[in-house]
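Readers should treat all values here as calculations from the given coordinates under stated rules, not as data from a laboratory. Fair warning: this is a prediction, and the values are worked out from it, not measured in the lab. Virtual Cβ from ideal backbone geometry, glycine too; neighbours counted across all protein chains shown.
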Amino acid sequence: MDPSGIKIEDFNYPLPDNRIAKYPLAQRDQSKLLFLKNGEMNEQKFSDIPDLLPHNSLLLFNETRVIQARLLFKKSTGAHIEIFCLEPIEPVNDFQLAFQQKPPIVWKCLVGNARRWKSGRLETILQINQQQVRLFAEQTERLPDAFLITFSWEPATISFADILESSGLTPLPPYLHREAETSDKTRYQTIYARLNGSVAAPTAGLHFTETILNRLDEKGIGRDKLILHVGAGTFKPVSAETIGQHEMHTEQIRISIDTLKHLYTADEKYIIPVGTTSMRSLESLYWMALRLELNLTHPFSVSQWDPYQLEIPGDFTPQRALEIIIKKLEAEKTNELKGETQLMIVPGYTFRFARGLITNFHQPKSTLLLLVSALIGDSWKEIYDFALKNNFRFLSYGDSCLFLP
């Protein structure tokens, strides 16, 4: 199929600002849950979810951790400059390694008030672990959509992870129209977040509490984990008229061989990703395996058009795909898949692993809404209309959905 002609306007809907949740609920699991099963929908509480999931479910959680990605500087002229750290470039582009590098380091960044900073080195004084740290920033290169910024600091014994964690601000989505507060450091983070690397939260996971996780275990509902570091492009509305004109963002994935083996033996289970990031990671496995099978370059790097352009052998099942990846990792004596995905899931996509989805309500004209439509069809319009009429809260800090089509 060729999805390039899909019109973005067909995935628009009216979203008044007062329906966007500016703050999270005091109790994570008390959010509303829109439950869709076999075409029928009703309103529940998120705390009901252990009783609503099929008994043979396997939930897949994204354990990425949001970094405090926004750094503030003040020029000698008094101008305030904000540098939003998106992803590491040099000397390494792996998040975990990048956080431990000695200065200088180069990151791809957005720059707020960039017109006031044409050149020169910015400097700010930080207090980290009762120690004074001088942080410097210089423009290395201007990209079409961002900047390359070189950071250095004294003393060099401090890690960049420490600098961000102690002095950075939470990268709240711009549609919240408010400054980050201290409470966001905790609430804009899942309780199971483990590895630093995201500049936006995998928001479907924000509703889970230890109580919910314990109840899932008591009911015998399976759980496993992966990592997709969420980039700023995830929540960006599509500006092109058709999806064929839109370039999907690329995000880093890490999945352990134990998780892959669990998925391989879970053939009869109801695999349900927690969030669109887990969904895209899970489905990317099929296309990585196919790239391996077809001897394509960069097999662990999925293009947005792979599902719609690659020739699929008739016997290439999801089981076969997992088998290929597991054998590849074992042959290379590595226990973790490291890759990246640009996968775009739009109406017409055939899901290879996922049989349901836990997710929030998404922005109009976003690739996330197209993903939802790919899973549940045009009924997304009826669902979103119901949610708007019944006071559901929308977007990152809003309410949730459980789709079992």
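Assorted remarks:
- Each DSSP beta bridge with both residues in the chain is either parallel or antiparallel, and the antiparallel ones are about 70%.
- Note on Asp94 and Glu382: the model spin-label points, each 7 Å out from Cα along the C-beta direction, lie 4.8 nm apart.
- For the stretch 70-168, with +1 on Lys and Arg beta carbons and -1 on Asp and Glu, the positive-most of Trp153, Phe99, Leu122 along the dipole: Leu122
- Candidate cross-link partners of Lys74 among the lysines, defined by an alpha-carbon separation under 25 Å and a same-chain spacing of 8 or more, comprise Lys102, Lys108, Lys118, Lys185.
- For the chain, hydrophobic long helices are taken as DSSP H runs at least 24 Å long by C-alpha position along their axis with mean Kyte-Doolittle hydropathy of 0.0 or more; none is present.
- Proximal lysines relative to Lys327, as straight alpha-carbon distance under 18 Å, when same-chain residues fewer than 8 apart are discounted: Lys261, Lys338
- Evaluated over the stretch 322-379, the Cα radius of gyration and Dmax, each in Å: 15.5, 45
- For the stretch 1-27 versus the stretch 123-158, the gap between their alpha-carbon centres in whole angstrom: 35
- Across the stretch 141-211, the fraction of Cα-Cα pairs farther apart than 14 Å, rounded to a whole number, is 71%.
- Couplings 3J(HN,Hα) for the stretch 90-103, derived from phi with the Karplus relation 6.51 cos²θ - 1.76 cosθ + 1.60 (θ = phi - 60°), are 9, x, 9, 10, 7, 4, 5, 6, 4, 5, 9, 6, 7, x Hz, where x marks Gly and Pro.
- Overall dimensions of the stretch 231-280 as given by Cα atoms, namely Rg and Dmax in Å: 15.2, 42
- Additional length obtainable on full extension of the chain from Lys7 to Glu323, 0.36 nm per residue less Cα span: 110.1 nm
- For the chain, the dipole from Cβ point charges (+1 on Lys and Arg, -1 on Asp and Glu) about the Cα centre works out to 1000 debye, to the nearest 20.
- Taking a quarter of the surface of the Cα convex hull of the stretch 61-116 gives a mean projected area of 4.9 nm².
- With the largest listed first and rounded to whole Å, the semi-axes of the equivalent ellipsoid of the stretch 1-143 from the Cα gyration tensor are 42, 22, 19.
- Evaluated at q = 0.19 Å⁻¹: base-10 log I(q)/I(0), Debye formula over Cα of the stretch 163-297: -1.30
- Gained length - Ile125 relative to Thr157, 0.36 nm times residue gap less alpha-carbon distance: 10.0 nm
- Each Cα pair of the stretch 246-383 feeds into the Kirkwood radius, which the Stokes-Einstein equation turns, at 4 °C and 1.567 mPa s, into a diffusion coefficient of 84 µm²/s.
- Net +/- balance of residues flanking Lys338 in space, Cβ distance below 9 Å, scoring K and R +1, D and E -1: -2
- Candidates Gly112, Gly197, Gly356: whichever shows maximal mean-square fluctuation once the chain is modelled as a Gaussian network with Cα springs under 10 Å: Gly112
- In terms of overall dimensions, the C-alpha atoms belonging to the stretch 70-168 reach 32, 28, 18 Å along their principal axes, ordered largest to smallest.
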